[in-house]
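The values are calculated or read from the model by the stated rules, or taken from the named source; none is laboratory data. Just so you know, these numbers come straight off a predicted model, no measurement behind them. Here Cβ is always computed from backbone atoms with ideal geometry, including for glycine, and neighbour counts include all displayed protein chains. In case anyone asks, the SASA skips ligands and DNA or RNA and just uses the protein heavy atoms, side chains included. Shrake-Rupley method; radii C 1.70, N 1.55, O 1.52, S 1.80 Å.
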Amino acid sequence: QVQLVESGGGLVQAGGSLRLSCVASGGTFSRYSTGWFRQAPGKEREFVAAITRAGSNAYYVDSVKGRFTISRDNAKSAVYLQMNTLRPEDTAVYYCAADSSLVKVQTTPGYWGQGTQVTVSS
């Protein structure tokens, strides 16, 4: 059983940056692909980014390409989401996710964190 704990959310002005962190426990972190999702008020949860087990490949939703970067440190059992040039439409609760399947981590991950709020003011 993998537990995921996010941190790093907050309030930032449009154009600013935030770095989200997610630390895993309870499993062998390097065995899991990891990712980030977000859910804005009144909207469904959507995939944002994913990274392979070794960190060699990353995948992004089109709306964040060129602005967000996902990375991981297997020695620290951590995955990060660097968010630059933030926009008001990036406002959402951001969730860390993990799954042994790269496909599932982008669609229906088996493990979720509790979420961290990101608010971007205009």
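Taking (1) polar (S, T, N, Q); (2) part of a strand (DSSP E or B); (3) free of Cβ contacts under 8 Å to residues at least 40 places away in the same chain in turn, T119 satisfies each apart from (3). Considering only region 39-50, I want to know if a residue exists there that is within 17 Å of Q1 (Cα to Cα), β-branched (V, I, T) and crowded, with 18+ Cβ neighbours inside 10 Å. No: zero hits. For region 14-34, give me each residue that is crowded, with 21+ Cβ neighbours inside 10 Å and part of a loop (DSSP other than H, G, I, E, B). Within region 14-34, Y32 is the sole residue that qualifies.
Of all residues in region 70-116, exactly one satisfies the criterion of being under 16 Å from E44 (Cα atoms), open to solvent by less than 30 Å² (accessible area, probe 1.4 Å) and among the charged types (D, E, K, R), namely D90. Among the criteria (1) among the acidic types (D, E); (2) closer than 24 Å to K76 by Cα; (3) out of contact with any strand residue (DSSP E or B) (no Cβ under 7 Å at 6 or more places or on another chain), the one E6 does not fulfil is (3).
Given the structure, is L11 in contact (Cβ under 8 Å) with a residue 40 or more places away in the chain and surrounded by 16 or more Cβ atoms within 10 Å (Cβ to Cβ)?
Details: in contact (Cβ under 8 Å) with a residue 40 or more places away in the chain: yes; surrounded by 16 or more Cβ atoms within 10 Å (Cβ to Cβ): no.
Taking the combined requirement at face value, the residue does not satisfy it.
Quick one: which residue in G66, G42 is out of contact with any Asp or Glu (no Cβ under 9 Å at 6 or more places or on another chain), within 21 Å of L11 (Cβ to Cβ) and free of Cβ contacts under 8 Å to residues at least 24 places away in the same chain? Sole residue among the options that is out of contact with any Asp or Glu (no Cβ under 9 Å at 6 or more places or on another chain), within 21 Å of L11 (Cβ to Cβ) and free of Cβ contacts under 8 Å to residues at least 24 places away in the same chain: G42.
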